[in-house]
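Input: a single structure, listed below in structure tokens.
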Amino acid sequence: MFERIPEQIRRLAIVFVIVIGGTVVLRYFVLPPSLFETRLHRESTIQREVAKQVKFAGTTVCGGCHEDTATVKRKGFHKNLSCESCHGPAAMHTEDPMTVKPFAPRKRKFCPLCHEYDPSRPTGFPQINVTIHNPLKPCITCHNPHHPEPPTVPRECSACHAGIARTKAVSHHALIACTTCHRASRKHKVSPRRVKPTKPDTREFCGKCHREGSKRKDAPKIDLSTHGERYLCWECHYPHMPGVA
Ligand code: HEC
Ligand code: HEC
Ligand code: HEC
Ligand code: HEC
Ligand code: HEC
Ligand code: HEC
Ligand code: HEC
Ligand code: HEC
């Protein structure tokens, strides 16, 4: 009956028998049993990981000794940054503070790692153009790294809204101050993202100068009830460059 199996199947069977047999012999009679002990593998991995030095101390320990810095930082824009994201791993320092001093990133090139203009950053994240933002001086000459609020309050809206200011300067509204249309408190200049100025929200607002019979003589007049009908004026006229649409 062995004879009736085709030649090639018989040869294949011999190869299988040799491979399987060889594996069984190696596994149970040749190689040391400890090689297949998963427990041993795990133990040595754990030992290896445990032997590694802990480099980061974590976010809370620093405040224990640097209470002032931690308190200042808690109130500023950097409240959500861990100390070690700027000072680097500092576990050694917490164990022996006098001999091991953490690095302090005083150079100008450090802060742009987060603040250099990059379109992929979230909208509203404070970004600067490093080439034109107060060049050459280290950032910390003007910004306290632990409380980085801009040091001086700019007087002009154009300090931050340069594009809009430049556009308006050559428009028909050149002589209308920003604050005629936006009520902006001083706080907007300190925390622009938290305190927002008002924006006009009705047709009547523009009508103050532009409706028939307005006291403002130099403004061209329109019939407020029919002109542009139910649409807001700035759906057709860009208010900072109100050329004829
Ligand atoms: C056990 C107390 C202790 C802890 C915890 C501690 N520090 Fe300090 N730190 C000190 C002392 C003491 C000095 C030295 C002050 C001096 O030189 O006048 C110091 C100095 C520093 C300096 C100044 C280095 C320089 O160049 O002047 C930095 C930065 C600093 N620590 C950051 C940290 C950070 C970040 C942490 C948290 C990971 C931390 N420290 C945790 C005690 C501590
Ligand atoms: C945004 C980065 C940044 C963060 C976050 C930060 N630091 Fe600093 N830190 C600096 C820089 C830059 C200096 C150097 C300031 C200087 O020389 O005027 C500094 C200086 C220090 C000093 C030296 C003394 C001083 O005030 O000049 C200590 C101490 C210190 N930092 C502790 C901390 C602790 C504690 C935290 C967390 C609560 C922290 N820092 C978070 C950037 C940072
Ligand atoms: C790890 C990233 C990171 C680093 C490094 C960093 N910052 Fe910041 N910075 C932030 C975040 C996050 C905010 C808060 C943004 C917000 O409130 O929307 C912020 C806010 C600020 C603001 C406030 C801007 C405003 O809206 O008025 C200034 C100024 C600033 N950082 C300066 C610095 C300076 C100077 C350094 C270097 C010492 C620095 N940052 C390093 C992440 C960083
Ligand atoms: C000569 C002082 C000075 C230096 C140096 C300086 N800044 Fe400023 N920074 C200011 C002033 C003033 C403002 C607020 C007005 C403005 O935006 O120009 C400001 C605003 C900012 C803002 C907020 C921008 C926004 O859109 O809300 C960030 C972020 C900032 N600076 C980061 C930096 C970084 C990073 C560096 C270093 C590369 C740096 N600054 C160097 C004075 C300075
Ligand atoms: C220190 C920089 C700075 C100064 C100075 C500044 N702004 Fe702003 N302003 C901003 C930033 C940043 C935003 C964007 C906030 C956002 O996108 O969340 C903004 C937003 C606005 C908005 C839009 C608000 C909204 O709801 O969309 C108006 C209007 C505005 N500013 C008007 C002004 C006027 C008027 C002045 C001058 C009196 C002025 N700003 C001065 C930084 C500034
Ligand atoms: C004639 C009235 C008028 C004047 C003057 C004016 N704005 Fe506006 N501004 C508006 C109106 C209306 C909007 C709302 C537009 C919208 O919602 O699409 C607006 C929107 C804005 C916005 C929100 C972003 C945008 O472009 O829509 C900013 C920022 C702003 N103005 C800043 C300024 C600054 C800075 C000045 C002075 C240089 C200024 N505006 C002068 C009427 C004015
Ligand atoms: C404080 C008064 C005042 C307010 C408020 C005002 N304007 Fe004007 N506007 C003027 C004056 C003055 C002129 C003409 C200036 C000139 O002759 O160059 C003008 C011109 C215009 C023009 C004509 C442009 C052209 O090509 O002739 C348009 C359109 C316009 N404004 C739209 C608006 C809109 C939209 C608003 C509301 C967001 C608005 N204005 C709010 C005073 C105002
Ligand atoms: C549907 C679009 C639309 C809307 C909304 C709209 N306008 Fe106009 N506006 C135009 C067009 C188009 C012109 C030029 C043709 C014309 O004179 O009718 C114009 C012209 C003007 C002029 C110049 C008139 C002149 O004699 O030079 C003023 C001023 C003006 N609009 C103000 C406003 C004001 C204020 C509002 C809001 C109450 C407003 N517009 C709403 C489309 C619009």
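Let's see how each residue does on (1) near ligand 8 (Cβ under 9 Å from one of its atoms); (2) under 23 Å from GLY163 (Cβ atoms):
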{"position": "GLY213", "(1), (2)": "no, no"}
{"position": "LYS217", "(1), (2)": "no, no"}
{"position": "PRO220", "(1), (2)": "yes, no"}
{"position": "SER225", "(1), (2)": "no, no"}
{"position": "TYR238", "(1), (2)": "no, yes"}
{"position": "PRO242", "(1), (2)": "yes, yes"}
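Looking at (1) within 16 Å of ligand 8 (Cβ to nearest atom); (2) touching a residue at least 60 places away in the same chain (Cβ under 8 Å), which one does PRO145 not meet, given that it meets all the others?
Of the numbered conditions (1) within 16 Å of ligand 8 (Cβ to nearest atom); (2) touching a residue at least 60 places away in the same chain (Cβ under 8 Å), the odd one out for PRO145 is (1).
So which residues in the stretch 186-201 are away from ligand 8 (no atom under 16 Å from the Cβ) and open to solvent by less than 60 Å² (accessible area, probe 1.4 Å), if there are any at all?
If the condition is that a residue be away from ligand 8 (no atom under 16 Å from the Cβ) and open to solvent by less than 60 Å² (accessible area, probe 1.4 Å), then HIS188, VAL190, SER191, PRO192, VAL195, PRO197, THR198 are the ones that fit.
Which one is farthest from ligand 7 (Cβ to nearest atom), of the residues in the stretch 88-118 that are buried (at least 16 other Cβ atoms within 10 Å of the Cβ) and within 21 Å of the chain's Cα centre (by Cα)?
PRO105
Residue-wise test of (1) within 13 Å of ligand 6 (Cβ to nearest atom); (2) in contact with a His (Cβ under 9 Å, 6 or more places away or on another chain); (3) assigned to a loop (DSSP other than H, G, I, E, B); (4) not acidic (Asp, Glu).
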{"position": "LYS196", "(1), (2), (3), (4)": "yes, yes, yes, yes"}
{"position": "PRO200", "(1), (2), (3), (4)": "yes, yes, yes, yes"}
{"position": "GLU204", "(1), (2), (3), (4)": "yes, no, no, no"}
{"position": "GLY213", "(1), (2), (3), (4)": "no, no, yes, yes"}
{"position": "ALA219", "(1), (2), (3), (4)": "yes, yes, yes, yes"}
{"position": "LEU224", "(1), (2), (3), (4)": "no, yes, yes, yes"}
{"position": "HIS227", "(1), (2), (3), (4)": "no, yes, yes, yes"}
{"position": "TRP234", "(1), (2), (3), (4)": "yes, no, no, yes"}
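So, in the stretch 119-164, exactly how many residues are aliphatic (A, V, I, L, M), under 28 Å from MET241 (Cα atoms) and at pLDDT below 90? Don't jump to the end; show me each part of the working.
So the first thing to find is which residues in the stretch 119-164 are aliphatic (A, V, I, L, M), and the list is 128, 130, 132, 136, 140, 153, 159, 162, 164.
Adding the requirement that they be under 28 Å from MET241 (Cα atoms) leaves 128, 132, 153, 159, 162, 164.
Cutting the leftovers down to at pLDDT below 90 gives us 128, 132, 153, 159, 162.
Counting residues in the stretch 119-164 that are aliphatic (A, V, I, L, M), under 28 Å from MET241 (Cα atoms) and at pLDDT below 90 gives 5.
Only residues that are open to solvent by less than 70 Å² (accessible area, probe 1.4 Å) and either in a loop (DSSP other than H, G, I, E, B) or of a type in the set (A, V, I, L, M) (or both): list them for the stretch 56-65, please.
ALA57, GLY58, listed by residue number.
Answer with yes or no whether HIS173 is farther than 30 Å from ASN80 by Cα, outside the structural domain of LEU81 (by TED's automatic domain parsing) and within 16 Å of ligand 8 (Cβ to nearest atom).
The answer is yes for HIS173.
Just checking, does the stretch 5-23 include any residue being under 25 Å from GLU95 (Cβ atoms) and part of a loop (DSSP other than H, G, I, E, B)? First the steps, then the outcome.
Residues of the stretch 5-23 under 25 Å from GLU95 (Cβ atoms): none.
So far as the stretch 5-23 goes, no, none of its residues is under 25 Å from GLU95 (Cβ atoms) and part of a loop (DSSP other than H, G, I, E, B).
Modelled with pLDDT of 90 or more, away from ligand 7 (no atom under 14 Å from the Cβ) and open to solvent by 80 Å² or more (accessible area, probe 1.4 Å), is that true of SER225?
Judged against the criteria, SER225 is a match.
Taking the stretch 66-87 on its own, how many of its residues are within 18 Å of the chain's Cα centre (by Cα), small (Gly, Ala, Ser) and part of a helix (DSSP H, G or I)?
1
Does LYS208 satisfy being at pLDDT 90 or above, over 41 Å from the mean Cα position of the chain (by Cα), among the charged types (D, E, K, R) and outside any loop (DSSP other than H, G, I, E, B)? Outline the logic, then answer.
Numbers: at pLDDT 90 or above: yes; over 41 Å from the mean Cα position of the chain (by Cα): yes; among the charged types (D, E, K, R): yes; outside any loop (DSSP other than H, G, I, E, B): yes.
Judged against the criteria, LYS208 is a match.
The values are calculated or read from the model by the stated rules, or taken from the named source; none is laboratory data. It should be emphasised that the depicted structure is a prediction, and the values quoted were computed from it without experimental measurement. Using ideal geometry, Cβ is built from the backbone for each residue, glycine included, and neighbour counts are taken over all protein chains shown. Ligands, DNA and RNA are excluded from the accessible area calculation, which covers all protein heavy atoms including side chains. Shrake-Rupley method; radii C 1.70, N 1.55, O 1.52, S 1.80 Å.
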